[in-house]
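Trainee: Quick one: structure below, then a few questions.
Each value in this text was obtained by applying a stated rule to the coordinates, not by laboratory testing. Given the structure is predicted, the values throughout are model-derived calculations rather than measurements. Backbone-built Cβ (ideal geometry, glycine too); neighbour counts: all protein chains shown.
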Amino acid sequence: MTTTLPAASIDSQHRLLRVALPVPLPRLFDYLCDDAGPGDIGRCVRVPFGRGEKTGVVVALPETSDVAAGRLKPVIQVQREVAALPDDWLELVAFVSRYYHAPIGEVIALALPPGLRRADAVAAEDEDPFIDLTEQGEAALADRRRDSRSLRLLIQLREAGVQRRSQVRELPDGQAFAETLRRGWLGVVPAPERADAGASRSAPPLTVEQRAAVEAIAESDEGFACWLLQGVTGSGKTEVYLQLATAALARGEQVLMLVPEIALTPQLESRVAGRFPAASVVSLHSAQAEGARSRGFMHALEGRADIVLGTRLSVFTPLPRLGLILVDEEHDASYKQQEGVRYSARDVAVWRARQRQVPVVLGSATPSLESWQHARQGRYRALQLRLRARAEALPRVRCIDTRRLRLDEGLSPALLAALGDRLTRGEQSLVFLNRRGYAPVLSCPSCGWISHCPHCSANLVVHLADRRLRCHHCGCDAAIPHACPSCGNQDIQPFGRGTQRIEARLAELFPEARVLRIDRDSARTRRQWESLLARIAAGEADILVGTQMMAKGHDFPQLTLVGVIGADASLHAADFRAPERLFQQLMQVGGRAGRAHLPGEVLIQTEYPEHPLYRCLVGHDFDRFASSELDAREEAGFPPFSFQVMLRADAPRLDDALDFLRHAQRLAQAHPPDTLRVFDPVPMRMTRLARRERAQLLVEADARAPLQRFVTEWVELLRAQRIPRELRWQVDVDPLEV
Ligand code: ADP
Ligand code: ZN
Ligand code: ZN
């Protein structure tokens, strides 16, 4: 008689590896591995999958598998040459997977650099990490009952102290190295401390406010605490970060510093590297070459990096000696990933700080209303820098009432006069307009035709510089027609204004001025962006015309005037976060004006000079703005007074997307927790994008926990549904765009 062997009867103890693989399935996969040991948890493995191979991460060594023994396949390779990912890292990705309802393999695929994911590429790099005994190694030595080469190697290594891998292999019993790694007796450890990593250079004496902030954080030794450092541009927040980092490095700890945009890293990178000449500073971002990213990640994992500086992705860097997390410009929307795993790096950073019991500092001139509300309620600790660090006045902010004015291509006489003044004085000005291109649409005055994108519910933007019509959403691109495609009229007109049009008009009005445009068209690559910055710094431009790219974190010492045009459009936007974003943007861009001995001025052209948002800007009063905006949100039940999850679906036909969401709504209503509000599915505001029709369904609750419990079950039900082949859906927890 034959029976199928139950899986549990696999003979030796550790012959199974449970692996997280980067596939869109919410499950783990078991493989066989004859020489698996406890040291393999957290290691990358290469395994057969379908007809090909994949690389994943070992998350457990299960005793038994649900898969029948005969169907289990052996792993191809366990990468034991580099340090295993630590338990706290595995917990971190598991949390992100749970909270954002993304399969764990996808989170791991996001968090691991591509080189590591391939599991074979890294060993070839110039790495020679330090090796020492693990706890298991110590235990093995302690109850040593017999002699073996591996045990002898442990003794030799303990006598020699921590050694580089190449040196361990050279020890008398170095041949047992692989064996000891497999048993988990030896492991990669942080580099022995360099005493001077915290040695810092040229720190200015702190202002009273800065010192108060640094001391408050340094003196609270309660492990985890979340600090909200609110300080106007130029108030010296970065200096506070650097001083806190100095202290952390001196204690032998690692510092994780998040910045919103790659474009901002070079400046900060050189400031950090200049301050800590002896520290190992690693920068990480997604635009980096693979090798550099893998190397930086390994540096951090092995404890050799002292400071990790990077964009949202770097929140996943393993940091064995982590002592401090800094999140600069914490309000910035780019911390939230808008595709794939829709995580917020700021929120994950706070979770991680709590997990590791270290302080986290969120810094901003204009905190997100969520963070500001936490600080007001005492969940975060509030720190304020009210004055600029170098005794500079804040810029004077004024509104120009444009209701009765004749504008010249959108430019008011007062703004033009102010620009003329700056030219005479040899100072720089910036005209800020958050719309690139020449004009937002091309239209025919005789038949009303306008340049729609054929694939999106959006207009094609006129780019006169290269005579193209371009969709800013799907990238679709066409030549500007000579005549109206609908009626043949030759006199078709660009309608409205973008940066190119303002640039062209300013060049006509001020022929003696050097006008420089800064937007995503003129600064497409990091190199172009850096060269534009260098030209501005060298005084090679008189008038800058720029989008929000200009708003962020740069010092332009000669810039004394900022003119804002076209801001009113955001006052009446449908998104409840639009006023918050507008205020942040204008305060940030206004902060560019005036440095050193040159007082700055901000002129805002508006038809609503009495609008409370502008009144608060004129008074530099973020707190008043935040408090009134929060009152409005509370009344309407918007976040942070409620918690939201958005289910989005897209398909070539809108009805398919809506049908799916209606079905999801019925499923939700079949098990609704009492506190849950399930809204009706609606087409998204920009319904069509890149030939797909998009719709969404909002679920809201007054508390996070029941909402999360509900969504976990709901997503499981949704995954089990049969759906049209062309339909895609995603869950967005704490969505920014509602
Ligand atoms: P923020 O990050 O708040 O915009 P920074 O830290 O970049 O501010 O500081 C703004 C400017 O003031 C920088 O040029 C910085 O070097 C300078 N600065 C900051 N703190 C001090 C200080 N305590 N004494 C003198 N200069 C300072
Ligand atoms: Zn026409
Ligand atoms: Zn398009």
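Trainee: With θ taken as phi - 60° and the coefficients 6.51, -1.76 and 1.60, list the Karplus ³J(HN,Hα) couplings across segment 309-314 in order, rounded to whole Hz; mark glycine and proline as x.
Mentor: With the stated coefficients, segment 309-314 comes to 10, x, 7, 3, 4, 6 Hz.
Trainee: Further, regarding this structure: In percent, how large is the relative contact order of segment 260-387, given Cα pairs closer than 8 Å and 6 or more residues apart?
Mentor: 21 percent.
Trainee: So what are the chain's ellipsoid semi-axes, whole angstrom, largest first, if each one is the square root of 5 times an eigenvalue of the alpha-carbon gyration tensor?
Mentor: 50, 34, 24
Trainee: Between 0 and 90 degrees, rounded to the nearest ten: what's the tilt of helix 654-670 against the longest Cα principal axis of the chain?
Mentor: Helix 654-670 sits roughly 60 degrees off the main axis of the chain.
Trainee: Okay, moving on. Output the relative contact order of the chain, whole-number percent, from Cα pairs under 8 angstrom with separation of 6+ residues. Spell out each step's value before the answer.
Mentor: Values: 1465 pairs, mean separation 74.5, N = 738.
This gives 10 percent for the chain.
Trainee: I need to check one value: relative contact order of segment 648-714, counting alpha carbon pairs closer than 8 Å and at least 6 residues apart, in percent.
Mentor: Computed over segment 648-714, the figure is 38 percent.
Trainee: Can you sort 147, 555 from fewest to most other Cβ atoms within 10 Å of each residue's own Cβ?
Mentor: Listed from fewest to most nearby Cβ atoms, that is 147, 555.
Trainee: Go ahead and estimate [θ] at 222 nm for the chain from helices alone: -39,500 (n - 2.57) per DSSP H run with n ≥ 4, summed, over the residue count, rounded to 500.
Mentor: Numbers: 21 runs with 231 residues, N = 738.
Helix contribution divided over all residues of the chain: -9500 deg cm²/dmol.
Trainee: Going through segment 293-363, which GluC sites (Glu not before Pro) have at most 10 other Cβ atoms within 10 Å and a DSSP loop state? Intermediate results must be reported in sequence, preceding the final value.
Mentor: Values: sites: 302, 329, 330, 339; in loops: 302, 329, 330, 339.
Passing sites in segment 293-363 are 339.
Trainee: Mind checking the angle between helix 265-275 and the chain's longest principal axis? C-alpha axes, 0 to 90 degrees, to the nearest 10.
Mentor: In the chain, helix 265-275 runs at an angle near 60 degrees to the longest axis.
Trainee: Mind pulling the angle between the C-alpha long axis of helix 704-719 and the longest principal axis of the chain? Nearest 10 degrees, somewhere in 0 to 90.
Mentor: The helix 704-719 is inclined about 80 degrees to the chain.
Trainee: Report, by chain and number, residues whose modeled amide H sits under 5 Å from the one on residue 77, excluding near sequence neighbours (fewer than 5 apart, same chain).
Mentor: Distant-sequence amide H within range of residue 77: 46.
Trainee: Determine, for 660, 177, 495, the number of other Cβ atoms within 10 Å of each Cβ, and report the residues in order from fewest to most.
Mentor: Values: 660 24, 177 21, 495 16.
Fewest-to-most Cβ neighbours within 10 Å comes out as 495, 177, 660.
Trainee: With 10 angstrom as the radius, rank 616, 447 by how many other C-beta atoms surround their C-beta, starting from the fewest.
Mentor: 447, 616
Trainee: Okay, moving on. Can you spot the lysines whose alpha carbon is less than 17 Å from residue 237's alpha carbon? Ignore those fewer than 8 places along the same chain.
Mentor: Leaving aside lysines fewer than 8 places away in the same chain, those within reach of residue 237 are 552.
Trainee: Near residue 54, which aspartates and glutamates are there with a Cα under 12 Å away, not counting those fewer than 8 places off in the same chain?
Mentor: Within reach: 120.
Trainee: Note down the magnitude of the dipole of segment 405-504 about its Cα centre, charges +1 on Lys and Arg C-beta and -1 on Asp and Glu C-beta and zero elsewhere, to the nearest 20 debye. Before the final figure, lay out the partial values.
Mentor: On the way: 10 positive and 8 negative charges, 28 e Å.
Magnitude of the dipole: close to 140 debye.
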